[in-house]
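S.K.: Have a look at this one before I ask anything.
The values are calculated or read from the model by the stated rules, or taken from the named source; none is laboratory data. Source: prediction; values computed, not measured. As a convention, Cβ positions derive from the backbone with ideal geometry for all residues, glycine included, and neighbour counts pool all protein chains shown. Note: areas computed on protein heavy atoms with side chains; ligands, DNA, RNA excluded. Shrake-Rupley method; radii C 1.70, N 1.55, O 1.52, S 1.80 Å.
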Amino acid sequence: MKISASFLSIKDNLKENILILDQSNIDYLHLDIMDGIFVHNTTWDIDTIKDLLINTKKPKDVHLMVSDVKKYIDDFSTLNPEYITIHFEAVSDIESTINYIKSKNIKVGLSIKPMTDIVSLIPFLSLIDLVLIMSVEPGEGGQNFIEDTSYKIDILKQLRDENNYYNYVIEVDGGINDETIKLCSNVDIAVVGSYITNSDDYNEQINKLK
Ligand code: DX5
Ligand code: ZN
């Protein structure tokens, strides 16, 4: 299982702590991008992010919690991220948006909120590189894991095993710690924010998860 670390909950010395996080044994840096419309909070624009992430080396895992998806794809593709993930609930023309991200040679993720049924994703599973299962309501870090979302992970694993033309990775995001990670044994990537960044030894927390 890989770890994608979110820096959303880092309160002070953000730039320095992002660099420390980047140098720890995480696999990806998870960028939580919020526009204050799709979710109530607003985070960083592309220029701020470029400044904050100077000298970071880990591949970027961009999580767009925005309504104007195309604008943010244009902005954040300039980072050459490994993944750009959009929300099923934010996009009307999902297939063309998937193709738009692919046209930039970036892997595509599709995310669903806790209340969105897994069936909604079925038509797109053969087109995407990553599925992001939200185990909290998107919009902020430090929330509690919603237990009845983890079944979606198991269904996605089963669907992938039964259909060899599905090659998405399964990612879970929200409320992950050394206890809730045990409910997510079928994920390929776990997004972890506050459990890591609220501690003063990032690697110690990461090792507990791995
Ligand atoms: C929530 C974000 C998550 C969050 C995870 O909207 O998408 O990535 O930052 O943080 P924790 O691990 O603190 O729940
Ligand atoms: Zn996220």
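S.K.: Among the DSSP beta bridges whose two residues both lie in the chain, what percent are antiparallel, rounded to the nearest 5?
M.R.: Here the share of antiparallel DSSP bridges comes out near 5 percent.
S.K.: Follow-up. Ranked highest first by the average count of other Cβ atoms within 10 Å around their residues, in what order do 30-37, 45-52, 93-100, 152-159 fall?
M.R.: Final packing ranking: 30-37, 152-159, 93-100, 45-52.
S.K.: Whole percent per 5 Å bin, from 0 to the bin with the longest distance: what is P(r) over all C-alpha pairs of the chain?
M.R.: Calculated P(r), rounded to whole percents: 1, 7, 17, 21, 22, 17, 10, 4, 1, 0.
S.K.: Related question: What is the spin-label model distance, in nm, from K210 to I37 if the labels are put 7 Å beyond Cα along the C-beta direction?
M.R.: 4.0
S.K.: Quick one: net charge of P114's neighbours, Cβ under 12 Å, K/R +1, D/E -1?
M.R.: Charge balance near P114 sits at -4.
S.K.: Oh, and also: Could you list, in their original order, any pairs among K60/K107; K60/K152; K2/K58 whose Cα atoms are separated by more than 21 Å?
M.R.: K60/K152
S.K.: Taking all protein chains as present, what is the carbon and sulfur share of the accessible area of the chain, in % to the nearest whole number, probe 1.4 Å?
M.R.: Carbon-and-sulfur percentage of accessible area, whole number: 46.
S.K.: Tell me, what ³J(HN,Hα) does each residue in the stretch 39-50 have, in order and in whole Hz, if you take phi through Karplus 6.51 cos²θ - 1.76 cosθ + 1.60 with θ = phi - 60° and put x for Gly and Pro?
M.R.: These are the phi-based 3J(HN,Hα) values: 10, 6, 8, 10, 10, 9, 7, 5, 5, 5, 4, 4 Hz.
S.K.: Amide H neighbours of K2 under 5 Å, at least 5 residues apart or on other chains, H built in the peptide plane: list them.
M.R.: I189, A190
S.K.: From the phi angles alone, apply the Karplus equation (6.51, -1.76, 1.60; θ = phi - 60°) to the stretch 196-206 and give each ³J(HN,Hα) in whole Hz, x where the residue is Gly or Pro.
M.R.: Each residue of the stretch 196-206 in turn: 8, 7, 7, 9, 9, 9, 4, 5, 4, 5, 4 Hz.
S.K.: Rolling a 1.4 Å sphere over the protein heavy atoms, what is the accessible area per residue of the chain, to the nearest Å²?
M.R.: Ligands and nucleic acids excluded, the result is 45 Å² per residue.
S.K.: Could you give the length gained on full extension between D178 and D201, defined as 0.36 nm per residue of separation minus the Cα-Cα distance, in nm?
M.R.: Roughly 6.8 nm would be gained on extension.
S.K.: Ordered by residue, what ³J(HN,Hα) values in Hz, to whole numbers, does the stretch 142-157 give under the Karplus form 6.51 cos²θ - 1.76 cosθ + 1.60, where θ = phi - 60° and Gly and Pro are x?
M.R.: Ordered by residue, 3J(HN,Hα) equals x, 8, 7, 4, 8, 4, 8, 10, 5, 4, 5, 4, 5, 5, 5, 5 Hz.
S.K.: Quick one: Debye curve from the C-alpha atoms of the stretch 19-67, no solvent, what's log10 I(q)/I(0) at q = 0.29, 0.30 Å⁻¹?
M.R.: -1.08, -1.12
S.K.: Then there's this: Mind scanning K102/K208; K15/K70; K102/K157; K15/K113 and naming the pairs with a C-alpha gap bigger than 25 Å?
M.R.: K102/K208; K15/K70; K15/K113
S.K.: Right, another one. Would you kindly state how much longer the chain becomes between T56 and Q23 on full extension, computed as 0.36 nm times their sequence separation minus their alpha carbon distance, in nm to one decimal?
M.R.: Difference between extended and current length: 11.1 nm.
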